[in-house]
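Written below as structure tokens is the structure these notes are about.
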Amino acid sequence: MIEYTAIIRDTAKKLLKDGKVDVFIGYKKGTVPMMNEPVVISDPEKVDTLHWDSLCGLNLCNYLTKRKDKIGIIANGCNSRNIVTHILENQISREQLYIVGIPCTGVIDHRAVLRAVGNKEVLDVQEQGDKFTVSGNGFSETFDKAKFLRTNCAVCTHRNPVIYDEMVASPVKEQEGVDPFEDVKKIEAMDPEKKWGFFTKMIERCLRCYACRNSCPLCYCPTCFVDESKPQWVGKSIDPTDTMTFHIMRAYHCAGRCTDCGACERVCPVGIPMRQFTKKLNKDALEYFSWEAGLNPDARPPLDVYKPDDYNDFVK
Ligand code: SF4
Ligand code: SF4
Ligand code: SF4
């Protein structure tokens, strides 16, 4: 990944120096290992802060909403699809953007790494092709990256960016023969009582910290429904009813828009797999409307189109 980092830095420097962009949005190394952070660079002399490796797991599109300047940004498959969604929803215009495409081979699940090393303190992570080495005081272990991918990346079928102005490397081969919805199907097969029990248990540790909401580029409403007080749509406690209401409403707000980027799960401090909600809606959008979010900047999403000749009677 060193070579991607060098290309990203060179590209950002040129774009900033030539005045093609006012800022460049990418990642920098985190202050602790495995926690790379988004960074916005405006000085061409500071591009050496930029970094890319398989631990860049937050969604940079989150930093585009309503910006008015010219922006350079790196984008892999899922981030580029969120950029398309942003363009479709008039949150940014394509003309403002210079997109540097990253062919993606997946993001490493930092929690799985910590489990694998017995929760010892990790001081360094080095990638070597399809392997990575994790080290700390008195230990050093090498793992296969493929076995440590985040669950969304393990079944991702859109690893290459769908829009870009230039690529840092040739596209990677897309994964074939994976079923992105295997887990959803298992839940769908449960009877209603078991299903309710599954979701109730899943969210019982939720703190209502809203990190999942804040990390998601789809959640850009000036006032989120959870923060409204007149009317108050949902209580603010961690009572199971309030918490479930928050999760179900947030998921519905992402219907037909979620790109399964996994940022929401990555930032959750207690490890709640809340993509189980959005993935069900992604599956429904695909099955009922042949729709996957953010693939085509020229196609309107199913929830904002009306066709008088719609085959569903209820529309008429
Ligand atoms: S979901 Fe796909 S494009 Fe996004 S980080 Fe994972 S593998 Fe890459
Ligand atoms: S709901 Fe989660 S997985 Fe979907 S786009 Fe938002 S952050 Fe990404
Ligand atoms: S990030 Fe996790 S704990 Fe925080 S509100 Fe979301 S699900 Fe709950």
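Nothing in this text is a laboratory measurement; each read-out follows from the coordinates by a stated rule. In this text the structure is predicted, and so the values were computed from the model without any measurement. Please note: Cβ atoms are built from the backbone with ideal geometry, for glycine as well, and neighbour counts cover all protein chains shown.
Selection of helices (runs of 4 or more DSSP H) fully inside the stretch 182-267 by the criterion of at least 3 residues being in contact (Cβ under 8 Å) with a residue 40 or more places away in the chain and within 16 Å of ligand 3 (Cβ to nearest atom) returns 192-202, 211-215, 240-253, 263-267.
Scanning the stretch 211-230 for residues that are within 16 Å of ligand 2 (Cβ to nearest atom) and either more than 20 Å from Asn59 (Cβ to Cβ) or surrounded by 15 or more Cβ atoms within 10 Å (Cβ to Cβ) (or both) turns up Ala211, Cys212, Arg213, Ser215, Cys216, Pro217, Leu218, Cys219, Tyr220, Cys224, Phe225, Val226.
One residue is enough: does the stretch 69-81 have a residue meeting the conditions surrounded by 23 or more Cβ atoms within 10 Å (Cβ to Cβ) and among the basic types (Lys, Arg)? Checked the stretch 69-81: at least one residue is surrounded by 23 or more Cβ atoms within 10 Å (Cβ to Cβ) and among the basic types (Lys, Arg). Lys147 falls short of the stated requirement of being part of a loop (DSSP other than H, G, I, E, B) and charged (D, E, K, R). Here Asn137 does not qualify as surrounded by fewer than 17 Cβ atoms within 10 Å (Cβ to Cβ) and within 24 Å of the chain's Cα centre (by Cα).
Condition check: more than 12 Å from ligand 2 (Cβ to nearest atom), within 20 Å of Ile187 (Cβ to Cβ) and in contact (Cβ under 8 Å) with a residue 60 or more places away in the chain. Does Gly271 satisfy that? Show your work before the answer.
Numbers: more than 12 Å from ligand 2 (Cβ to nearest atom): yes; within 20 Å of Ile187 (Cβ to Cβ): yes; in contact (Cβ under 8 Å) with a residue 60 or more places away in the chain: yes.
Here the answer is yes, as Gly271 does meet what is asked.
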